[in-house]
Every structure is written in structure tokens, then in C-alpha cells.
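The values are calculated or read from the model by the stated rules, or taken from the named source; none is laboratory data. Keep in mind the model is a prediction, meaning the values are calculated, not measured. Cβ coordinates were reconstructed from backbone atoms using ideal geometry, including for glycine residues, and neighbour counts include every protein chain displayed.
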Amino acid sequence: MTADLFGNPEPARDEPRVWSVSELTRAVRSTLEDQYGVVWVEGEVSNFRRQPSGHQYFTLKDAGSQVACVWFARGGFRLKQIALSDGMQVQVRGALTVYEARGQYQLNVQLVQAGGAGLLQAKFEALKRKLEAEGLFDPERKRPLPKFPTTIGIVTSPTGAALRDVLNILARRAPWVRVIVHPVRVQGEGASREIAAAVTDLNRLAEAGFAPIDVMLVTRGGGSAEDLWEFNEEIVARAIAESGIPVVSAVGHEIDFTIADFVADLRAPTPSAAAELLVPDATEMLARLVRLRAQMQRALLSLAAAERRRLEFLSRTALFREPAKRVAEAAQRLDLAGESLRRALRSWLDDQERRLKAFSASVRQHRPDQLLALRRVSFESVRTQLRERMRLVLKERRARLDQVAQLLKLLAPDGMLARGYSMTTTEEGAIVASVGDVNPRMRIVTRLRDGVIRSVVE
């Protein structure tokens with residue numbers, strides 16, 4: 001047994017089935033709902049009507065066809081959607097069904113959102129908010145452009161008018177600039193990936209040293225919002241943000257703004273304006289050089305005249321007329337000052353020598369074991385003063401100080417023992433300087449040059 005289009009068994013050939021209108025309509029409705037279910041449809045709103053019940057009826061059409069739509073008011077559902085009117089371009093999500101009373105198929109609308117330019121604008125604003133929150137638009141991360149670039153990388157269509165305009169302006173304003181063009185598609189599906197890849201490729205070339213690019217231009221000519229949309233894609237924005245080369249964005253006309261414009265280091269209103277911002281005008285530079293050269297010539301002439309007047313003035317002075325006499329007088333003053341300095345230094349050295357002799361005599365006249373420590377402190381103070389004031393005679397005085405040190409060593413107790421003297425102390429170490437310092441049966445210690453003798457007083 002065979003089945004018809006709607007899955008119902010076909011009657012035998014000799015017994016054709018006769019459908020009622022309701023049966024056929026229900027069969028078509030069942031097939032549409034099972035086959036398509038919920039669908040998205042885009043088109044223009046026409047014949048819009050709002051009923052007192054809150055239900056909304058309209059037709060969704062395009063250039064070739066139309067479909068009836070009904071938007072039922074359920075709770076507050078309709079308050080969350082956009083307000084409809086004739087002529088709006090929208091995208092509608094709804095269940096495809098058949099209105100059996102009239103036998104026409106329709107969409108039972110569930111959701112409506114802006115279509116075409118409205119949808120693009122919503123996507124634009126959402127991505128803009130996201131990237132702005134990440135800091136990709138911050139002025140602090142914008143880099144200054146080089147004033148005199150030698151190599152410029154351009155990412156654009158090789159056949160567009162924008163490239164011709166940019167190249168013409170660069171050739172006129174800065175003929176010395178080298179231009180590297182990375183051809184890409186600037187509209188249509190997949191163009192955003194090409195643009196992002198081109199920005200990355202030019203950075204890699206620069207990093208490898210093949211093309212030391214100073215600045216990059218990402219550009220295209222004017223067009224509709226849909227034509228410019230590829231420059232609003234996130235992949236392009238992130239490629240520009242990650243570029244190690246400063247990027248100038250010039251997309252569309254002056255009134256057009258894209259995400260690439262916000263991320264780039266500089267936004268130019270048009271491709272031609274971008275070319276003028278990238279390089280200085282050679283004609284203006286030459287005119288400025290001429291002005292600077294004239295200013296420099298005037299400054300040099302003025303300086304030469306001033307120096308000439310100064311030379312003429314000096315030629316009339318006594319110093320210029322009698323240089324040898326002036327030099328001789330200066331040499332004589334120098335000799336007198338040197339002699340005075342030598343006399344003062346000699347007097348100071350003699351004074352120091354007398355003081356040192358007096359110190360030596362004082363040391364010899366007193367007991368060394370009591371005065372040595374005091375004199376050593378005084379000596380260190382004197383030596384510190386002498387070090388600061390006698391740097392020029394340090395060698396001479398060092399020999400004399402060595403002699404004094406040798407003398408002090410001879411006068412020390414160990415030196416006296418070495419010369420044959422002895423020293424007697426109690427067992428506690430007190431020096432026995434007199435017979436009255438000991439008692440009978442007291443133990444005493446006598447230190448000699450080569451040892452110690454312990455004895456008992458009788």
C-alpha cells in the first residue's frame with residue numbers, strides 16, 4: 001500500500017479518496033508543524049494591526065513573497081519586545097502553522113528583533129562595550145606615529161579606489177617612502193579573517209627583519225553598514241590591538257565609525273586623510289628648510305659680526321699689545337707665591353719637629369708603664385693631625401716615627417728585661433718596688449729575661 005504526500009494511505013486506484021476541506025487543512029498543518037516547527041524569518045513589516053486584546057497582526061514580506069504573522073499577547077511577553085510599525089526590517093522567530101479557519105499558513109510569533117541595519121547596530125554596540133571594558137580603547141595604550149616613516153604597510157583591497165588615492169598622496173607628499181601592500185578582501189564573508197591575518201603577517205615580517213615597517217594603515221573606501229561590517233568583527237579588533245606596529249584605521253567616509261577605528265592608535269576620517277597624516281609634505285618640508293637655512297645664515301652673520309667687534313676690541317687692549325710682559329709678570333707673581341708657601345711650610349715642619357722632640361724627652365723622663373698609654377692617645381691625635389696637614393712630607397716623617405717607636409720599644413718592660421734587668425711581683429701580680437712591699441714568708445715572683453723564679457721572703 002502506498003501513502004500520499006502527508007503520510008496517509010492512498011486509496012486503491014479505483015477508489016479515489018475524497019478529502020474534506022478541514023481534513024486537508026489539518027493534514028497540511030500537521031505536516032508544516034512537524035516538518036518545520038520553529039523557524040527564523042527576516043523581512044519587512046506591513047499591514048501592522050494591534051487589537052484591543054493586545055494581539056498584533058502583520059505581514060512579513062520581501063521582494064518576492066509574504067507570510068502572515070500573529071503575535072499573541074501572553075502575560076507581559078509583548079512588553080519585552082520592540083514596538084512594531086510598517087516598514088521595519090525585523091527578524092522573527094515563530095512556529096509555522098496553518099490558520100484552519102482561512103486555510104492559510106502563518107507564523108505564530110514568539111520573538112522579534114531588529115533585522116538588517118538594526119541588528120548590525122546592536123552587535124556593534126555589544127562588541128564595543130565588551131572591548132571598551134577590556135581597556136582596548138584606552139587613550140593610554142595609543143602609540144604616537146613616527147614623524148618621518150620610511151616604510152608603510154597597507155592592508156586593503158588591491159583594486160579599490162582607496163589604495164589608489166593613498167598611493168597617489170604618498171607619492172606626492174613623500175616620494176622616498178617605501179610601501180608594502182598586503183592585499184585582502186574588504187567586504188563579504190571571510191574578509192575579516194583575511195584582514196586580521198594580514199595585520200599579523202606584516203608584524204611577523206617586521207619581527208623577522210624582512211620589512212622594518214614603521215606604521216601600518218588598515219583602510220577601505222566608503223560603503224553601506226553591511227559593506228563596512230568586516231571592520232567591526234572582533235577578530236580584526238584584537239589583531240590591531242596586538243599589533244607591535246602602530247596602526248592607523250581609515251574605513252569609509254568621515255561619518256563612518258568602526259570598531260577598528262576605536263582600537264587603532266589613530267583614526268583617520270578617510271583613506272586620503274590617513275595618507276596625509278602618515279607622512280609630512282615634502283614641499284612644506286623643503287620650504288621650511290629654506291626658511292631655516294635663511295635664519296641660520298642670518299644668525300651666523302650676526303655671530304661673525306659680534307666676534308669681529310670683540311676681536312677688534314681685544315686688539316686695542318694692553319694684554320694684546322704686550323702679551324710677553326703680562327706673562328712675565330704673572331710668572332713673577334707665581335714665583336713669589338711659591339716661595340712664600342715654601343717658607344710657611346718649612347716653619348710649620350720645624351714647629352712640628354720641636355714638638356715631637358719635646359714629646360720624646362717627656363717620655364724618657366717619666367715611667368713608661370704609666371705614661372705610655374696616655375702618650376699613645378696623644379700621639380694618635382697628633383698623627384691624625386699630621387696626616388691631614390703633612391701629606392707632602394709623609395715619607396720624611398715616617399722614618400722619624402719609626403725611630404721613636406723603636407725607642408719606645410726599648411723602654412718597655414720587656415725591653416728592660418732583655419737588657420738584663422729583672423722585675424719582681426707578688427703572686428697576685430702587684431709590682432714589688434720597695435722592701436716595705438713584702439712580708440716574711442710572702443711568696444714573690446721574679447721575672448728575668450729567660451724565665452721566672454718563684455721564692456719565699458725570709
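Tabulated data for the structure shown
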{"read-out": "Some residue of the stretch 224-237 being part of a helix (DSSP H, G or I), among the polar types (S, T, N, Q) and in the same structural domain as Phe148 (by TED's automatic domain parsing)", "value": "yes"}
{"read-out": "Sole exception among (1) within 23 Å of Lys147 (Cα to Cα); (2) small (Gly, Ala, Ser); (3) under 27 Å from the mean Cα position of the chain (by Cα) for Ala239, by number", "value": "(1)"}
{"read-out": "Close pairs from the stretch 396-425: first without any contact (Cβ under 8 Å) to a residue 60 or more places away in the chain, partner in a loop (DSSP other than H, G, I, E, B) and aliphatic (A, V, I, L, M), Cβ under 9 Å, at least 6 apart", "value": "Glu396/Met390; Arg397/Met390; Met423/Val432; Thr424/Val432; Thr424/Ala433; Thr424/Val438; Thr425/Val432"}
{"read-out": "Qualifying residue in the stretch 402-411 (condition: more than 30 Å from Lys357 (Cβ to Cβ) and either aromatic (Phe, Trp, Tyr) or assigned to a helix (DSSP H, G or I) (or both))", "value": "no"}
{"read-out": "Count of residues meeting criterion [part of a loop (DSSP other than H, G, I, E, B), charged (D, E, K, R) and exposed (fewer than 10 other Cβ atoms within 10 Å of the Cβ)] in the stretch 434-456", "value": "2"}
{"read-out": "Criterion (farther than 19 Å from Phe262 by Cα and either crowded, with 18+ Cβ neighbours inside 10 Å or at pLDDT below 90 (or both)) met by exactly one of Val218, Val247, Val199, Val166", "value": "Val166"}
{"read-out": "Given (1) more than 18 Å from Val248 (Cα to Cα); (2) more than 34 Å from the chain's Cα centre (by Cα); (3) not assigned by TED's automatic domain parsing to the domain that holds Gln56, index of the condition Asn108 fails", "value": "(3)"}
{"read-out": "For Leu277: the one exception among (1) within 18 Å of Ile169 (Cβ to Cβ); (2) in contact with an Asp or Glu (Cβ under 6 Å, 6 or more places away or on another chain)", "value": "(2)"}
{"read-out": "Number of positions in the stretch 243-257 that are touching a residue at least 40 places away in the same chain (Cβ under 8 Å) and either touching a Phe, Trp or Tyr at 6+ places or on another chain (Cβ under 7 Å) or not aliphatic (A, V, I, L, M) (or both)", "value": "3"}
{"read-out": "Residue tally, condition touching a Lys or Arg at 6+ places or on another chain (Cβ under 8 Å) and free of Cβ contacts under 8 Å to residues at least 40 places away in the same chain, over the stretch 195-230", "value": "0"}
{"read-out": "Test result for Gly188, surrounded by 14 or more Cβ atoms within 10 Å (Cβ to Cβ), at pLDDT below 90 and within 30 Å of Glu125 (Cβ to Cβ)", "value": "no"}
{"read-out": "Scan of the stretch 173-184 for residues that are surrounded by 16 or more Cβ atoms within 10 Å (Cβ to Cβ) and not hydrophobic (A, V, I, L, M, F, W, C), ordered by number", "value": "Arg173, His182"}
{"read-out": "Hey, Asp402 touching a helix residue (DSSP H, G or I) at 6+ places or on another chain (Cβ under 7 Å), at pLDDT below 80, in the same structural domain as Leu341 (by TED's automatic domain parsing) and acidic (Asp, Glu) or not", "value": "no"}
